[in-house]
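K.L.:
One structure coming up, written as structure tokens, with questions to follow.
The values are calculated or read from the model by the stated rules, or taken from the named source; none is laboratory data. Note that the structure is predicted; figures quoted are calculated from it, not measured. Methodologically, a virtual Cβ is constructed for each residue, glycine included, from the backbone with ideal geometry; neighbour enumeration extends over all protein chains shown.
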Amino acid sequence: IALVQTISRRTLRPLVDEAVYEGYEHRLVSLARFQDLLHRREADGMGLAEVVELATGAAIDGVRDRVDIGGPPVQLPPDGAEAISLVLHELATNACKYGALSGPDGRLSIAWRVAAGGNMASVELTWTESGGPGVAPPSGPGFGTTMMELAMRSLEGGAVEQAFAPEGLRAVLRFPVLAR
């Protein structure tokens, strides 16, 4: 990650707006922290609840009382934990900047369920924002949306869907995990 930061600092920073570069740099730093923790636990992977807390923690610290997180125990392999972390970090950052958590009355729910099937199980994680400013679909796919779609596609059978309803963003992440 340090090498990527150095390369981007020398090539990307002079070409883009400072705010765009800072957003990109923030994503890299978050990924580096997560990578460090993940490598310490590589043999076992990580629990989904822990991944959710780590990926969203910095963004939601000041508004934790307006965030509900819950679901059954799910163990993610390292590549799954990394992909899910990237997507959740992006959603959390956007919720605090533009979405439900940017105002005083907004709420966020992150809930998941598991459907078993043979050796594999599938997880459906639902991110629901409410009570924030009005939401409108973006004019086109931006860096964040593209990154989330690529991260989810890196998981065989993984997908992300976003619905920009007036009452708030709703995102659904679907991905496979090994049944235990």
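K.L.:
Within the set of pairs 6+ apart or on separate chains, which have a first residue in region 86-99 that is in a helix (DSSP H, G or I) and buried (at least 23 other Cβ atoms within 10 Å of the Cβ), a second that is modelled with pLDDT of 95 or more and not aliphatic (A, V, I, L, M), and C-beta atoms under 7 Å apart?
P.N.:
Close Cβ pairs satisfying both conditions: LEU91/TRP127; ALA95/GLU129.
K.L.:
Another one. What number goes with the only condition from (1) closer than 22 Å to SER85 by Cβ; (2) polar (S, T, N, Q); (3) out of contact with any helix residue (DSSP H, G or I) (no Cβ under 9 Å at 6 or more places or on another chain) that SER139 does not pass?
P.N.:
(1)
K.L.:
Further question: Do we find that ASP65 is assigned to a helix (DSSP H, G or I), modelled with pLDDT under 85 and out of contact with any helix residue (DSSP H, G or I) (no Cβ under 8 Å at 6 or more places or on another chain) in this structure? So that I can check it myself, show each step before the final result.
P.N.:
Working: assigned to a helix (DSSP H, G or I): yes; modelled with pLDDT under 85: no; out of contact with any helix residue (DSSP H, G or I) (no Cβ under 8 Å at 6 or more places or on another chain): yes.
Criteria not met by ASP65.
K.L.:
Would you please name the residue that is nearest to PRO104 (Cα to Cα), looking only at residues in region 38-62 that are modelled with pLDDT under 80, under 16 Å from the mean Cα position of the chain (by Cα) and surrounded by 13 or more Cβ atoms within 10 Å (Cβ to Cβ)?
P.N.:
ALA59
K.L.:
Inside region 131-161, can you point out the residues that are closer than 15 Å to ALA95 by Cβ, modelled with pLDDT of 90 or more and surrounded by fewer than 17 Cβ atoms within 10 Å (Cβ to Cβ)?
P.N.:
GLY131, PRO133
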